[in-house]
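Note sheet for the following structure.
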Amino acid sequence: PGDPGLLTARALELIAAADVILYDRLIGAMALDGARPEAELLFVGKEGGGESVPQEETQALMIARAQEGNAVVRLKGGDPFVFGRGGEEALALRAAGISYEIVPGVTAGVAAAAYAGIPVTHRGLAGAVALVTGHPRADTPPDGEGEEAALDWPALAAFPGTLVLYMGVRRLSGIAASLIAAGRSASEPAAVVERGTLPDQRVVTGTLQTIAETAGREAIQAPSIIVVGAVAALAGQLSWLGEKVLGGRTVAVTRARAQASALSRRLEALGARVVQAPVIRVRALPGPPLDPAPYDLVCLSSPNGVAALFERLAAGGRDARALAGARVAAIGPGTARALAEHGIVADVVPERFVAEGLVEALADVPVSRALVARASQARDVLPDALRKRGAEVDVLALYETTVEPLSAPALAAARQADYITFTSSSTVRFFLQAVQGSPPEFSRATRIVSIGPVTSQTLRENGLEPHVEAERHDVGGLVDALIADATARG
């Protein structure tokens with residue numbers, strides 16, 4: 001229903017194994033982090049009142065990809081069989097002779113209410129709950145009340161429990177009036193939960209008589225659920241989400257999708273609404289198995305390099321023990337953590353997490369032959385400095401970064417964000433490629449956040465002045481700098 005932490009274990013397994021993922025508008029970008037890099041990700045979402053992919057086209061696409069021999073995941077917000085049209089899609093698959101599995105999910109009517117502190121059932125208050133669509137089919141024959149005439153208002157008004165209405169916020173005034181006219185008490189508690197389970201969730205409460213006016217005054221929009229019943233009054237007592245330091249702010253993350261999740265999770269935990277705008281893709285480069293025995297120093301400049309290094313070691317039947325004869329240097333704590341996951345404690349980690357800092361940290365380290373494992377395009381500060389000391393240096397390109405196409409909605413959201421973060425020079429260059437121009441046009445309110453001086457210099461070379469630069473040049477330092485700026489600006 002929004003928060004990717006509510007994905008089921010089975011859903012995560014299938015996302016990781018999928019060849020093709022067809023996903024909806026309400027799927028958070030981090031829910032796709034577990035997809036394989038080569039998986040095809042297809043947006044088939046529907047925007048209320050805006051452009052949408054026709055249901056028939058979505059079903060045809062599912063069938064076509066499956067018939068090509070792909071493992072296809074149709075990823076939906078909430079539960080596929082609760083106002084998710086999953087039944088229609090399953091029938092289409094059955095008619096096409098394609099086998100399928102249904103994976104139940106956590107539905108928004110329960111999850112958003114819980115995140116707002118509203119139990120949809122409660123001893124003594126509500127012994128039943130009804131999940132109701134607030135958006136009946138447009139082809140329902142009208143009988144004087146328009147589309148909403150498809151609902152049995154007297155039955156809903158008499159229902160002895162909680163009503164949870166989906167997709168009804170645009171019709172809230174008519175829904176409330178219809179329930180009251182059919183006999184539901186005008187003084188009954190009611191609540192609307194906007195963007196439930198997400199960091200920028202908002203909740204408004206009132207009575208059935210006042211809730212539409214209150215929601216309109218607060219400009220509540222879709223996606224939202226409406227809760228009608230005595231339990232809605234518990235929202236004030238049981239609310240738990242709370243305000244956070246980055247609450248109400250939108251932060252765009254331009255890192256590669258595979259690396260963005262850690263940063264995005266930290267930002268969301270602080271209350272930010274994260275816009276995923278990955279403009280780079282990391283690809284390991286092919287190469288022969290690696291034997292590090294000839295080197296007395298091995299330098300790694302990123303977690304991506306660590307992963308690729310161990311792939312090359314494994315290709316030759318080697319593991320962490322092959323590095324026993326060398327000192328291992330990491331450019332920063334992120335790289336050091338990646339090494340630690342493979343059982344290697346870095347011998348050298350500089351105080352400044354840039355190549356110049358690593359050069360300084362290695363000043364007193366004896367070296368005769370060094371291996372610098374890095375991306376295909378990187379500065380030569382470190383190898384040049386080691387060569388000046390008389391060391392023999394081999395530079396091994398283990399991976400490359402390439403441009404990741406950015407969708408028009410993601411680009412528009414990034415341009416309107418309160419903050420946009422750049423964690424490397426490559427994210428700057430590829431973002432500018434994505435916008436097809438330099439410098440791009442941002443909202444006046446958008447503040448540019450740089451991870452360090454090298455990235456800042458690349459920004460300036462392209463006509464962009466960073467508003468915030470991290471003092472500690474890693475993801476943690478970037479988050480700290482962003483928090484300090486947001487706090488100072490109030």
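The values are calculated or read from the model by the stated rules, or taken from the named source; none is laboratory data. Bear in mind the structure is a predicted one, so any value in this text is a computation, not a measurement. Reconstructed Cβ throughout: ideal geometry from the backbone, glycine too, with neighbour counts over all protein chains shown. For the accessible areas, the whole protein counts, side chains as well, though only heavy atoms, and no ligand, DNA or RNA atoms are used. Shrake-Rupley method; radii C 1.70, N 1.55, O 1.52, S 1.80 Å.
Summary of computed values
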read-out: The stretch 452-469, residues that are free of Cβ contacts under 8 Å to residues at least 40 places away in the same chain and either in a helix (DSSP H, G or I) or open to solvent by 70 Å² or more (accessible area, probe 1.4 Å) (or both); value: Thr455, Ser456, Gln457, Thr458, Leu459, Arg460, Glu461, Glu465, His467, Glu469
read-out: Neighbours by Cβ (under 7 Å, 6+ apart or cross-chain): first from the stretch 87-100, farther than 11 Å from Met62 by Cβ and free of Cβ contacts under 8 Å to residues at least 40 places away in the same chain; second open to solvent by 90 Å² or more (accessible area, probe 1.4 Å) and in a loop (DSSP other than H, G, I, E, B); value: Gly87/Phe81
read-out: In the stretch 423-451, residue surrounded by the most Cβ atoms within 10 Å (Cβ to Cβ) [restricted to those that are under 20 Å from Thr487 (Cα atoms) and not hydroxyl-bearing (Ser, Thr, Tyr)]; value: Ile451
read-out: Single condition Ala95 does not satisfy, out of (1) surrounded by fewer than 16 Cβ atoms within 10 Å (Cβ to Cβ); (2) under 18 Å from Glu194 (Cα atoms); value: (2)
read-out: Residue satisfying condition, being free of Cβ contacts under 8 Å to residues at least 40 places away in the same chain, of a type outside the set (Asp, Glu) and on the phi < 0 side of the Ramachandran plot, within set Arg444, Arg379, Arg472; value: Arg444
read-out: Residue, farthest from Pro303 (Cα to Cα), within the stretch 338-373, restricted to residues that are outside any loop (DSSP other than H, G, I, E, B) and either of a type in the set (Phe, Trp, Tyr) or out of contact with any strand residue (DSSP E or B) (no Cβ under 9 Å at 6 or more places or on another chain) (or both); value: Glu360
read-out: Strands (runs of 3 or more DSSP E) fully within the stretch 22-139 counting 3 or more residues that are within 30 Å of Thr401 (Cα to Cα); value: 40-43, 72-75
read-out: Residue, farthest from Ala31 (Cα to Cα), within the stretch 243-261, restricted to residues that are surrounded by fewer than 21 Cβ atoms within 10 Å (Cβ to Cβ) and aliphatic (A, V, I, L, M); value: Val245
read-out: Unmet requirement for Cys299, which otherwise passes all of (1) more than 29 Å from the chain's Cα centre (by Cα); (2) surrounded by fewer than 23 Cβ atoms within 10 Å (Cβ to Cβ); value: (2)
read-out: Count - residues of the stretch 205-242 that are out of contact with any His (no Cβ under 8 Å at 6 or more places or on another chain), among the β-branched types (Val, Ile, Thr) and buried (at least 21 other Cβ atoms within 10 Å of the Cβ); value: 7
read-out: Pick from the stretch 192-204, criterion touching a residue at least 40 places away in the same chain (Cβ under 8 Å) and in a strand (DSSP E or B), ranking: least open to solvent (accessible area, probe 1.4 Å); value: Val193
read-out: Residues within the stretch 405-422 that are under 23 Å from Ser456 (Cβ atoms) and either open to solvent by 30 Å² or more (accessible area, probe 1.4 Å) or out of contact with any strand residue (DSSP E or B) (no Cβ under 6 Å at 6 or more places or on another chain) (or both), tallied; value: 5
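Okay, residues lined up against (1) over 26 Å from Ala256 (Cβ atoms); (2) touching a residue at least 24 places away in the same chain (Cβ under 8 Å):
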| residue | (1), (2) |
| --- | --- |
| Leu7 | no, yes |
| Ala29 | no, yes |
| Arg36 | no, no |
| Asn70 | no, yes |
| Arg74 | no, yes |
| Phe81 | yes, no |
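Conditions tested, residue by residue: (1) modelled with pLDDT under 85; (2) touching a strand residue (DSSP E or B) at 6+ places or on another chain (Cβ under 6 Å); (3) within 25 Å of Ser424 (Cα to Cα).
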position	(1), (2), (3)
Val231	no, yes, no
Val253	no, yes, yes
Ala258	yes, no, yes
Ala293	no, no, no
